[in-house]
Amino acid sequence: MINKVLFWLSAHVGCFALNLLKSEMIPYFKVSYMSLFFRPLQKTKLIFALALFSFFIQPILVKADWRKDIGVFRIGILTDETSAESLDKLAPFKLALSEALDLEVDFFRSKSTVTLIDALASDRIEYAIFSSSAYALAFVACECVEPIAIPRSRDSTDGYHAILVAAPDGPQRLESIIGQKIGILSDNSVMGKDFAKYVLGQQGVILGDETTPFVKKDKAENMLKAFANGEIKTMIGWSSMTGDPSAGYSRGNLRQLVNLFGANVGNYKILWKSNQIPNRPHIVRKKLHGEAKQILRDTLRAMNEKDPIAYDAIEPVYGGGFVAG
């Protein structure tokens with residue numbers, strides 16, 4: 001149907017160009033020497049008609065093409081859920097993007113980051129919501145993705161730092177942690193122990209071996225408790241590193257030590273902190289059409305203010321709205 005409409009528009013613009021050349025002005029150029037001026041006039045009108053075609057019709061053709069090429073705009077999400085009901089809570093976000101893009105939107109669910117990266121690389125999905133580590137992996141794997149937006153926390157930060165922190169009676173220098181047990185909050189967080197192990201290993205500080213082993217509790221809260229009461233002397237955690245230091249900053253494990261256990265975090269020493277790690281980025285295929293990218297950027301940046309239900313549906317944890325990726 002779209003092609004028929006575009007053909008109709010193209011035909012009518014073509015007729016418009018011909019009609020300009022047969023305008024009512026022609027009878028007035030009866031004197032032969034006036035024909036010297038008439039030919040340039042015809043040429044000018046033709047150029048004008050073609051310019052109109054380029055200005056009005058060509059953008060419509062481009063607009064139609066990328067939507068037709070996509071067909072259904074698919075968003076990849078990492079989840080273990082398989083029921084249709086599990087997607088109901090995401091419906092407001094789906095509707096918001098569908099209306100903005102003027103396309104049908106659907107979700108592509110996967111339990112595996114690798115599967116989502118493959119889906120992006122093979123053009124089976126256009127958009128995905130990744131952790132920072134998953135985005136880094138995708139970029140290294142194919143360089144076929146780019147961040148479109150990053151959610152902010154309510155404290156207006158759009159990222160956090162991995163930290164290695166020592167208890168008041170723990171080691172006071174990074175080199176002194178060798179031989180200590182290093183507390184970790186989770187085995188599954190790539191940007192926790194694995195990231196710290198890699199970065200510090202590049203500096204010659206080896207973690208996670210028999211000499212300086214990682215230890216964990218059954219729950220993250222129990223590890224924080226063990227750290228607060230001095231059972232564990234060093235711990236890998238995270239912090240916004242923004243806000244009041246005496247309150248444990250605005251977010252993170254130091255803040256939890258204050259809120260849960262009344263710790264005086266001024267006595268704790270941060271032995272190492274990473275560069276800022278962004279909150280989970282929303283990413284798109286690098287080859288996605290520029291107009292589609294711009295629509296997504298504009299829609300996401302305005303979503304928290306204009307459509308907070310849609311925003312909360314997709315970002316219930318980070319309540320500060322999106323910023324550009």
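Laboratory data are not the source of any read-out in this text; all were calculated from the coordinates shown. As the structure is a computational prediction, the values presented were derived from the model and not from experiment. Don't worry about glycine lacking a Cβ; one is built from the backbone with ideal geometry, like all the others, and counts go over all protein chains shown.
Worth a mention:
- Alpha carbon centroid spacing (whole Å) that separates segment 262-325 from segment 208-260: 24
- Dimensionless Rg ratio for segment 95-151, taking C-alpha atoms and the 2.2 N^0.38 Å reference: 1.16
- Karplus 3J(HN,Hα) series, Hz, for segment 140-156 with 6.51 cos²θ - 1.76 cosθ + 1.60 (x for Gly, Pro): 5, 5, 9, 6, 10, 10, 8, x, 9, 6, 10, x, 9, 7, 5, 8, 6
- Close amide-amide hydrogen proximity is noted between Thr212 and Gly179, each under 5 Å apart and 5 or more residues distant or on a separate chain (H modeled in the peptide plane; Pro and chain starts excluded).
- A Cα-only calculation for segment 131-224 places Rg and Dmax at 15.9, 48 Å.
- Square roots of five times the Cα gyration tensor eigenvalues for segment 216-325, Å: 37, 15, 13
- For the listed residue pairs Lys94/Lys219; Lys193/Lys287; Lys197/Lys219, the alpha carbons are over 27 angstrom apart in Lys94/Lys219; Lys193/Lys287.
- Ser86 sits among other residues whose Cβ lies under 12 Å from its own Cβ, and their net charge, with Lys and Arg +1 and Asp and Glu -1, is -2.
- Overall form of segment 273-312: oblate. Here a/c, set by the Cα gyration tensor axes a ≥ b ≥ c, is 1.5 or more, and a/b is not larger than b/c.
- Close amide H partners of Ala149, meaning residues 5 or more places away or on another chain with modelled amide H under 5 Å apart, are His282, Gly325.
- For Phe107, the residues 5 or more places off, or on other chains, whose built amide H falls under 5 Å of its own are Ile75.
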